[in-house]
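Undergrad: My questions all concern the structure below.
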Amino acid sequence: STMRERKTTDPLHSSTDLSEGKEKLRLKQEVGLISSVSLIAGTMIGSGIFMSPEWVLHHMGNPASSLLIWAACGLLAMFGALSYAELGTIIKESGGEYIYILRIFGSFPAFLFAYTSVILVRPAGLAAVCLSFAEYATAPFYPGCSSPQVAIKCTAAACILILTIINCLNVRLATSVMNIFTAAKLLALLVIVVGGLVLLAKGQTQSFQNGFQGTTPGIGTVGVAFYQGLWSYDGWNNLNYVTEELKNPEVTLPRALMIAIPLVTCLYLLVNVSYLAAMTPSELLSSGAVAVTWGDKVLGSWAWLISLSVTLSTFGSSNGTFFSGGRVCYIAAREGHMPDILSMAHVRCLTPSPALLFTSAMSLIMLISGSFTSIVNFFSFMAWLFYGMTISGLLYLKIKKPELPRSYKVPIIIPIIVLMAAVYLVLAPIIDQPQVEILYIVLFIFSGIIFYFPLVRFKYHPRFLQRVTLHLQLLLEVAPTAKDAN
């Protein structure tokens with residue numbers, strides 16, 4: 001509602017105006033190495049690895065090239081994460097892409113990112129994962145037929161509300177939930193991996209004979225296959241959203257990335273091999289839920305374990321998405337780009353509860369408004385547009401400001417590769433198969449201009465909105481927060 005005025009100093013070194021020194025609240029540094037690894041791996045391993053393999057195979061046309069796509073996606077996620085690790089040690093603030101774009105490129109592009117992310121991308125991503133959770137959670141109650149949409153949407157809404165309560169109560173509680181569910185989903189993936197290795201040992205290798213036969217090369221098809229694969233890796237950048245809450249971020253950030261992403265990549269490749277050992281490519285393509293079909297074929301009467309594992313996995317991933325998504329909203333508000341109430345923290349729980357409640361409300365609206373059949377491609381398009389912008393910011397700092405202190409440096413070739421991949425992923429589907437929806441996305445991003453100039457640039461703050469902020473502050477028991485200036 002009200003926007004706070006900010007000093008217009010050098011964006012890379014500017015510090016927050018702490019409202020005349022009255023702000024005392026800070027979010028606690030409670031995220032250690034194990035929780036950091038869980039946040040990355042736990043968010044990455046969601047519904048994707050249980051749902052996306054058939055679509056990667058569908059677009060690539062054969063098992064061998066689809067495995068290459070999965071490996072390339074893992075490598076790209078690793079390169080992106082290493083680039084972000086350097087950014088995180090230069091700009092030691094929470095907020096991920098938003099804070100990096102703000103400090104390097106300035107206020108306007110950062111506002112467009114925050115506006116798009118907070119209103120559309122994060123809530124839509126959370127709603128999509130919660131819908132996946134709901135489909136698997138309701139399936140046992142409707143044997144032999146698909147679950148009614150009302151049941152799925154009500155279950156997804158209940159999932160969002162439970163996550164809101166957990167994350168608003170305590171950061172430690174939210175990270176504990178993350179750790180438990182990450183352990184559960186790693187166990188489930190290990191069961192699939194071991195099952196696949198047993199099948200391969202028995203000689204079930206027919207899917208891998210003439211593995212490259214029937215490849216369907218094309219700029220657009222490879223790009224869309226990458227989108228489907230990268231959806232399963234999404235979350236590699238989550239730790240950068242909570243930098244200020246990390247214990248010893250200079251060490252924890254790069255170390256957690258180097259543990260979590262190679263671990264997830266290896267698991268994903270082995271799980272895909274396991275799927276192809278149990279099923280022929282045509283069986284895999286006709287499967288509605290690959291992991292469940294695998295369970296029916298390999299585990300027999302224990303197949304219900306896979307459905308349970310997918311349910312746990314998607315809930316854990318929703319928690320990670322919610323945890324980091326709320327922080328983008330909170331940081332953007334703290335910098336004056338969102339209503340001031342969203343920059344406040346609960347006076348006792350020390351969680352950014354208004355930002356979390358807002359993210360929850362937007363996700364529920366997305367949930368009610370429709371289905372998410374094409375969300376992966378459009379989510380990926382927007383995500384890689386801003387990833388590319390962030391990586392170009394890192395290249396600018398490496399070339400123009402090499403003297404800036406940083407505890408970790410990535411070789412310059414790595415961000416160059418990521419930037420080239422980002423450009424390809426943004427342009428390939430537009431060139432190959434132009435879709436009017438992409439135009440709508442671009443128009444939505446630039447519709448932020450309508451709000452930026454009156455509310456942020458010219459600081460127009462109606463008095464009645466200030467009164468609303470005050471009442472909400474009293475109702476929610478929240479107060480403004482400070483941050484450590486780095």
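Undergrad: Within the bounds of region 73-86, is there any residue that is more than 24 Å from S47 (Cα to Cα), surrounded by fewer than 21 Cβ atoms within 10 Å (Cβ to Cβ), touching a Ser or Thr at 6+ places or on another chain (Cβ under 8 Å) and not acidic (D, E)?
TA: no
One line per residue, one yes/no per condition, for (1) under 25 Å from M362 (Cα atoms); (2) in contact with a helix residue (DSSP H, G or I) (Cβ under 6 Å, 6 or more places away or on another chain); (3) in a loop (DSSP other than H, G, I, E, B):
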| residue | (1), (2), (3) |
| --- | --- |
| I34 | no, no, no |
| S66 | no, yes, no |
| A72 | no, no, no |
| F79 | no, yes, no |
| G95 | yes, yes, yes |
| I101 | yes, yes, no |
| V121 | yes, yes, no |
| L126 | yes, yes, no |
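Undergrad: Taking the stated definitions as given, is V264 at negative phi and open to solvent by less than 10 Å² (accessible area, probe 1.4 Å)? Can you show your working first?
TA: Working: at negative phi: yes; open to solvent by less than 10 Å² (accessible area, probe 1.4 Å): yes.
For V264, the condition - at negative phi and open to solvent by less than 10 Å² (accessible area, probe 1.4 Å) - is met.
Undergrad: Here is a further query. When residues of region 452-478 are filtered for being in contact with a helix residue (DSSP H, G or I) (Cβ under 7 Å, 6 or more places away or on another chain) and hydrophobic (A, V, I, L, M, F, W, C), how many remain?
TA: Restricting attention to region 452-478, the residues satisfying the condition of being in contact with a helix residue (DSSP H, G or I) (Cβ under 7 Å, 6 or more places away or on another chain) are 452, 456, 460, 469, 472-473, 476, 478.
Now restrict to residues that are hydrophobic (A, V, I, L, M, F, W, C): 456, 472, 476, 478.
Summing the residues that are in contact with a helix residue (DSSP H, G or I) (Cβ under 7 Å, 6 or more places away or on another chain) and hydrophobic (A, V, I, L, M, F, W, C) in region 452-478 gives 4.
Undergrad: Is there a residue being among the basic types (K, R), surrounded by fewer than 24 Cβ atoms within 10 Å (Cβ to Cβ) and within 21 Å of the chain's Cα centre (by Cα) anywhere in region 288-297? Lay out the reasoning, then the answer.
TA: First pass over region 288-297, keeping only residues among the basic types (K, R): 297.
Right, trim to surrounded by fewer than 24 Cβ atoms within 10 Å (Cβ to Cβ) and you get 297.
Okay, now just the ones that are also within 21 Å of the chain's Cα centre (by Cα), so none.
Looking through region 288-297, none of the residues is among the basic types (K, R), surrounded by fewer than 24 Cβ atoms within 10 Å (Cβ to Cβ) and within 21 Å of the chain's Cα centre (by Cα).
Undergrad: Would you please name the residue that is nearest to T314 (Cα to Cα), looking only at residues in region 109-130 that are open to solvent by 20 Å² or more (accessible area, probe 1.4 Å) and at pLDDT 85 or above?
TA: Residue satisfying both the conditions and the ranking: I119.
Undergrad: A further question follows. Quick one: C145 ticks every box in (1) in contact with a helix residue (DSSP H, G or I) (Cβ under 9 Å, 6 or more places away or on another chain); (2) surrounded by fewer than 19 Cβ atoms within 10 Å (Cβ to Cβ); (3) hydrophobic (A, V, I, L, M, F, W, C); (4) within 19 Å of V292 (Cα to Cα) except a single one, so which number is it?
TA: Failed condition: (1).
Undergrad: Would you be able to say whether some residue in region 163-174 is touching a helix residue (DSSP H, G or I) at 6+ places or on another chain (Cβ under 7 Å), within 30 Å of L270 (Cα to Cα) and not basic (K, R)?
TA: Yes, because at least one residue in region 163-174 is touching a helix residue (DSSP H, G or I) at 6+ places or on another chain (Cβ under 7 Å), within 30 Å of L270 (Cα to Cα) and not basic (K, R).
Conditions (1) at pLDDT 85 or above; (2) of a type outside the set (G, A, S), marked per residue:
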position: N272; (1), (2): yes, yes
position: S287; (1), (2): no, no
position: D296; (1), (2): no, yes
position: I331; (1), (2): yes, yes
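Residue-by-condition table, conditions (1) over 27 Å from the mean Cα position of the chain (by Cα); (2) surrounded by 17 or more Cβ atoms within 10 Å (Cβ to Cβ):
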residue: L419; (1), (2): no, yes
residue: I431; (1), (2): no, no
residue: P454; (1), (2): yes, no
residue: K459; (1), (2): yes, no
residue: T481; (1), (2): no, yes
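The values are calculated or read from the model by the stated rules, or taken from the named source; none is laboratory data. A quick note: this is a predicted structure, and the numbers were derived from the prediction, not measured. A quick note on method: Cβ atoms are made from the backbone with ideal geometry, for glycine too, and the neighbour counts reach across all protein chains shown. Just so you know, the surface numbers come from the protein's heavy atoms only, side chains and all, with ligands and any DNA or RNA stripped out. Shrake-Rupley method; radii C 1.70, N 1.55, O 1.52, S 1.80 Å.
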